[in-house]
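Each remark here refers to the structure printed beneath this line.
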């Protein structure tokens, strides 16, 4: 998996740049590790057309939003004198939808996480 690509996609999703991005690289790394651990074929990332990296970045973004909401930071966008606030539910819902869609796109490359007991 190309972690630089994951960082780049995460940066675009989150709007973070340079030093801000460095604070959250652990989210990209752990998310990439999670996605790789779920791949059926570890070489699948190379021929996925960037979908695997996008899924890792989307998961990192979702986790970033959870961190932001836990820290009490608001989703405020300020342009000049105008400030627009987003509510936590819509921010988290959007991040979750991006993540869900990204994982749906690579669903055929992933192992299942289902666990079940079976009698013998």
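P(r) for the range 3-109: what percent of alpha-carbon pairs falls in each 10 Å bin, starting at zero?
Pair shares across the bins are 15, 45, 30, 9, 2, 0.
Which order do peptides 37-44, 89-96, 23-30, 52-59 fall in by mean Cβ count within 10 Å, highest first? Each step should come with its number before you reach the end.
Details: 37-44: 12.2, 89-96: 14.5, 23-30: 16.8, 52-59: 27.4.
The densest-packed peptide leads the list: 52-59, 23-30, 89-96, 37-44.
Find how much the distance from residue 19 to residue 94 grows on full extension, using 0.36 nm per residue of separation minus their present alpha carbon separation; answer in nm with one decimal.
Details: separation 75, 0.36 × 75 = 27.00 nm, distance 2.47 nm.
Gain in length upon complete extension: 24.5 nm.
State, to one decimal in nm, how far the label point of residue 67 lies from the label point of residue 38, with both points 7 Å from Cα in the Cβ direction.
Here the answer is 1.9 nm between the modelled labels.
Could you give the length gained on full extension between residue 105 and residue 82, defined as 0.36 nm per residue of separation minus the Cα-Cα distance, in nm? Intermediate results must be reported in sequence, preceding the final value.
Numbers: separation 23, 0.36 × 23 = 8.28 nm, distance 3.71 nm.
Here the segment from residue 105 to residue 82 would lengthen by 4.6 nm.
Bear in mind that the values in this text are calculations on the coordinates, not laboratory data. Here the structure is a predicted model, which means the values were calculated and not measured. Glycine gets a Cβ as well: all are built from the backbone with ideal geometry, and neighbour counts include every protein chain shown.
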